[in-house]
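Structure first, commentary second.
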Amino acid sequence: MTKAVRSIPRLSRRALGIGESATLEVARKAKELAASGVSIVDLGVGEPDFPSPACAVEAARQALADGLTRYTPAAGIPELRAALAGRYARDFGAPWRPSDVMVAVGGKSALFELALALLDEGDEVVLPSPYWVSFPEHIRFAGARPVMVPTSAGDGFRIHAEAVIAALTPATRAILLNSPCNPTGGIVAGEDLREIVAAAAERDIVVISDETYERFLFGGQQFASAAALAALYPETIVVVGSFSKTYAMTGWRIGYALGPPWLLRSVMDIQSHATSNPTSFAMWGALAALERGEEDVRQMVAEFASRRDLVAAALDEMPGVSCRPPDGAFYAFPNLAACYRPGRQGSAAMASYLLEEARVAVVPGLAFGADDYVRISFATSREALREGLGRMAAALDRRG
Ligand code: GLU
């Protein structure tokens, strides 16, 4: 009898071009090590350590008890879409109606579906760099090309209109902004945002504004939302937001997008085939958080501000490490290039060294397009931060 020849069918070119998310990879490795009994301080993934607001938990529990466990419209429950439209109208004078709001399985899936709705082969998307790990992957997966606009540590990684506009070409379909920025904490000032949005509208370019970290601003910085410009430029602005960070609801997977009907309708069609609706009872919890979670948010943000100062001070004391305190989000992004040595050359080797030698998980800057840096999340307790940064200082001090 002849033996069956076993070969492996090939993956698609698109799949071959994508790897595991670096942030989730670090989270996975840290959890695996912790589960095997190793004492790990996880400063890797950006996941608030607070419990979700009690009002959200109670509303989700009630939704389950009430049997709200069936399919909902693919774009989400009308109550949450109306509440989000109301919030953006109230806070920013945005023109979006409930039908212009799509609830998604986290902000991440809204961004992915937007890329699929908007981009073709040969298209370009302009985005400031360093950038969040998943942005270029979404863009490439949709067949388009990310065009990076460098921001620099010297001015806190600010996004400058001039640099963004200079990168626009006839192939540009979208500008992808993320302010405050994961991983740098850099922000875009209102004036720069206005210039970018106006230049985009003139050229029929869509501005996708990922405002996931809108509530995390430090040192008196002001938040400039693209939503405030949507009444002036209704066809070319999309805002993406998330419940994950603001309300410490990462595992619930509820995010959203608001934007013009010509685009959002297509994004909703894609979602109707990709995920159907986001989880029904999670949306009821999110609605409660939006309506009654403000006090929880205020307390969390105040705690993040203290942690940011603690982390900045600890990094400042480490020889060879340079880090400006971030203006927003909840990450420190120190430059460690002066600490690179044979065996810990480059951010990936440095992150492995810190994991193995110091048992501290950080994300290599390479994943964000900046190999001189590593990302430290301060979405964890002060005790963990003190312990983790102490271990990191000792490991960096070791000759090697
Ligand atoms: N956004 C968070 C981070 O950057 C969670 C993981 C992810 O989605 O990338 O750590």
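A few notes on this one:
- Those residues of region 62-73 which are touching a residue at least 24 places away in the same chain (Cβ under 8 Å), open to solvent by 30 Å² or more (accessible area, probe 1.4 Å) and not hydroxyl-bearing (Ser, Thr, Tyr), in sequence order: 62, 64, 68, 70, 73
- Qualifying positions in region 98-124 - closer than 14 Å to residue 262 by Cβ and either open to solvent by 20 Å² or more (accessible area, probe 1.4 Å) or outside any helix (DSSP H, G or I) (or both): 99, 102, 117
- Picking from residues in region 326-344 that are under 27 Å from the mean Cα position of the chain (by Cα) and surrounded by fewer than 21 Cβ atoms within 10 Å (Cβ to Cβ), the one that is farthest from residue 188 (Cα to Cα) is 337.
- Residue in region 368-382 that is assigned to a helix (DSSP H, G or I) and modelled with pLDDT of 95 or more present: yes
- From the options 308, 265, 292, residue that is open to solvent by 30 Å² or more (accessible area, probe 1.4 Å), closer than 30 Å to residue 87 by Cβ, free of Cβ contacts under 8 Å to residues at least 12 places away in the same chain and out of contact with any Gly (no Cβ under 7 Å at 6 or more places or on another chain): 265
- Within region 46-60, if we keep just the residues that are within 16 Å of the ligand (Cβ to nearest atom) and open to solvent by 60 Å² or more (accessible area, probe 1.4 Å), the residue that is farthest from residue 347 (Cα to Cα) turns out to be 49.
- Any hit, region 324-338, residues being in contact (Cβ under 8 Å) with a residue 40 or more places away in the chain, part of a helix (DSSP H, G or I) and within 16 Å of the ligand (Cβ to nearest atom): no
- Filter pass, residue 165 being closer than 18 Å to residue 204 by Cα, modelled with pLDDT of 95 or more and either in a strand (DSSP E or B) or touching a Leu at 6+ places or on another chain (Cβ under 9 Å) (or both): no
- Qualifying residue in region 86-95 (condition: crowded, with 17+ Cβ neighbours inside 10 Å, more than 16 Å from the ligand (Cβ to nearest atom) and outside any helix (DSSP H, G or I)): yes
- Scanning region 16-27 for residues that are within 11 Å of the ligand (Cβ to nearest atom), more than 21 Å from residue 386 (Cα to Cα) and either of a type in the set (A, V, I, L, M) or surrounded by 11 or more Cβ atoms within 10 Å (Cβ to Cβ) (or both) turns up 21, 22, 23, 24, 25.
- Selection count where residues are surrounded by 22 or more Cβ atoms within 10 Å (Cβ to Cβ), away from the ligand (no atom under 16 Å from the Cβ) and in a helix (DSSP H, G or I), scope region 208-260: 3
- In region 29-45, residue surrounded by the most Cβ atoms within 10 Å (Cβ to Cβ) [restricted to those that are within 11 Å of the ligand (Cβ to nearest atom) and either free of Cβ contacts under 8 Å to residues at least 24 places away in the same chain or of a type in the set (A, V, I, L, M) (or both)]: 43
- Answer residue from region 125-145, given it is under 14 Å from residue 175 (Cα atoms), away from the ligand (no atom under 16 Å from the Cβ) and open to solvent by less than 20 Å² (accessible area, probe 1.4 Å) and is farthest from the chain's Cα centre (by Cα) among those: 144
- Just one of the numbered conditions (1) in a loop (DSSP other than H, G, I, E, B); (2) surrounded by fewer than 24 Cβ atoms within 10 Å (Cβ to Cβ); (3) at pLDDT 95 or above is not true of residue 184: (2).
- Only one of the numbered conditions (1) free of Cβ contacts under 8 Å to residues at least 60 places away in the same chain; (2) out of contact with any Leu (no Cβ under 9 Å at 6 or more places or on another chain) is violated by residue 125, and that is (2).
The values are calculated or read from the model by the stated rules, or taken from the named source; none is laboratory data. These figures come from a predicted structure and were not determined experimentally. Please note: Cβ atoms are built from the backbone with ideal geometry, for glycine as well, and neighbour counts cover all protein chains shown. Accessible surface is based on the protein model in full, side chains and every heavy atom, while ligands, DNA and RNA are left aside. Shrake-Rupley method; radii C 1.70, N 1.55, O 1.52, S 1.80 Å.
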